[in-house]
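Written below as structure tokens is the structure these notes are about.
The values are calculated or read from the model by the stated rules, or taken from the named source; none is laboratory data. For clarity, every value in this text was computed on a predicted model and none was experimentally measured. Cβ atoms come from the backbone with ideal geometry, glycine included; neighbour counts cover every protein chain shown.
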Amino acid sequence: MRGFSLDTLIFDVDGTLAETEELHRLSFNRAFAEAGLPWSWSVEDYRRLLTTTGGRERIWRFVCEVEPARAATLAGHEDPFVRRLHARKTELYAEGVRRGEVRLCPGIAELLARARALDLRLAIATTTSRANVEALFDAHPEALPRAWFATLVCGEDTARKKPDPEVYRLALERLGVRPERALAVEDSRNGVLAAKGAGMPVVAIPSLYTAGDDLSAADLVLGNAAELVALVGR
Ligand code: XBP
Ligand code: MG
């Protein structure tokens, strides 16, 4: 990218590589219904809840908000009740991804191919579960081959989720690259703050659910990944 001397692009997944959040929302709701719970998250509910990153953390926040009496009997987001609900949600989500219910974001296939042609290294830094990323690779083998990514840092790999910078710090450490030589591509305020906290330049590309986010901490805000293709170079 002009003005930067880059070795590496590090991508967020949800809302950046693919428009995933609508399927996440529906999968949460299906898991709740299967468990006999009277919970159903609308688009508006989910937009608000998305400020809490991580599915188990999001469920826990919701239980505290709507059923404080139940929350008092549980041990936080690692409680077996929350873990079971989230595990089922992850199964339902991964099935949906493998059925082709999630599309890549506009320009992502082109951007990845361009980065490969330029010998840039690629990596992933996400709060989502590893199973979700594996399902996305399986569903898009041509545009998103697993082998293109030097490392994959997922929700299970960190103690703290975005906006904490841990996920980006760990990716940089595994890659052995200095933060100023790696560009983060993000769609949300939490993601931008995580990458900035790790000392990296960040390009933000808002997604369906993050269109209203304050992305002013990013170095650059673009409309879609195709606009980044022209800027990526050595
Ligand atoms: C994405 C998330 C994730 C997904 C669900 O944030 O917050 O929690 O919504 O994934 P980002 P899990 O794009 O900033 O990484 O249910 O597997 O946690
Ligand atoms: Mg995201």
Subject >> Scan of the stretch 95-139 for residues that are in a helix (DSSP H, G or I), of a type in the set (V, I, T) and within 22 Å of R174 (Cα to Cα), ordered by number >> reply: V133
Subject >> Filtered residue count, the stretch 28-59, keeping only those that are within 8 Å of ligand 1 (Cβ to nearest atom) and farther than 14 Å from R84 by Cβ >> reply: 6
**OP:** Check E57, E44, E78 and return the single one that is within 17 Å of K162 (Cβ to Cβ) and either outside the structural domain of L172 (by TED's automatic domain parsing) or among the hydroxyl-bearing types (S, T, Y) (or both).
**Re:** E57
**OP:** Among the numbered conditions (1) farther than 25 Å from L193 by Cα; (2) surrounded by 13 or more Cβ atoms within 10 Å (Cβ to Cβ); (3) in the same structural domain as A150 (by TED's automatic domain parsing); (4) aliphatic (A, V, I, L, M), tell me where L122 comes up short.
**Re:** (1)
Original post:
L85 passes all but one of (1) of a type outside the set (D, E, K, R); (2) surrounded by 19 or more Cβ atoms within 10 Å (Cβ to Cβ); (3) touching a strand residue (DSSP E or B) at 6+ places or on another chain (Cβ under 9 Å); which number fails?
Top reply: (3)
**OP:** Would you tally the residues in the stretch 161-191 being among the aliphatic types (A, V, I, L, M) and within 14 Å of ligand 2 (Cβ to nearest atom)?
**Re:** 3
Original post:
Taking the stretch 105-119 as the region of interest, how many residues are within 16 Å of ligand 2 (Cβ to nearest atom) and either surrounded by 19 or more Cβ atoms within 10 Å (Cβ to Cβ) or modelled with pLDDT under 95 (or both)?
Top reply: 3
**OP:** Under 7 Å between Cβ atoms, at least 6 apart or on separate chains: pull out the pairs that start in the stretch 44-62 with a residue that is at positive phi and end on any residue that is basic (K, R).
**Re:** G54/K161
Original post:
Is it the case that some residue within the stretch 10-22 is within 16 Å of ligand 2 (Cβ to nearest atom) and in a helix (DSSP H, G or I)?
Top reply: yes
**OP:** Run V203 past the list (1) under 24 Å from V102 (Cα atoms); (2) within 14 Å of ligand 1 (Cβ to nearest atom); (3) not charged (D, E, K, R) and report the number of the one that doesn't hold.
**Re:** (2)
Subject >> Set G107, G199: member being within 21 Å of L23 (Cα to Cα) and touching a Leu at 6+ places or on another chain (Cβ under 9 Å) >> reply: G107
Original post:
Take the residues of the stretch 63-79 that are β-branched (V, I, T) and free of Cβ contacts under 8 Å to residues at least 24 places away in the same chain: which is surrounded by the fewest Cβ atoms within 10 Å (Cβ to Cβ)?
Top reply: T73
**OP:** Find all pairs meeting these conditions: Cβ atoms under 9 angstrom apart; at least six residues apart or on different chains; first residue within the stretch 176-188 and closer than 10 Å to T8 by Cβ; second residue of a type in the set (F, W, Y) and assigned to a strand (DSSP E or B).
**Re:** A184/F11
Subject >> Residues located in the stretch 98-137, provided they are within 17 Å of the chain's Cα centre (by Cα) and charged (D, E, K, R) >> reply: E101, R103, R130, E134
**OP:** Check whether at least one residue in the stretch 3-22 is crowded, with 23+ Cβ neighbours inside 10 Å, hydroxyl-bearing (S, T, Y) and under 22 Å from R70 (Cβ atoms), and report yes or no.
**Re:** no
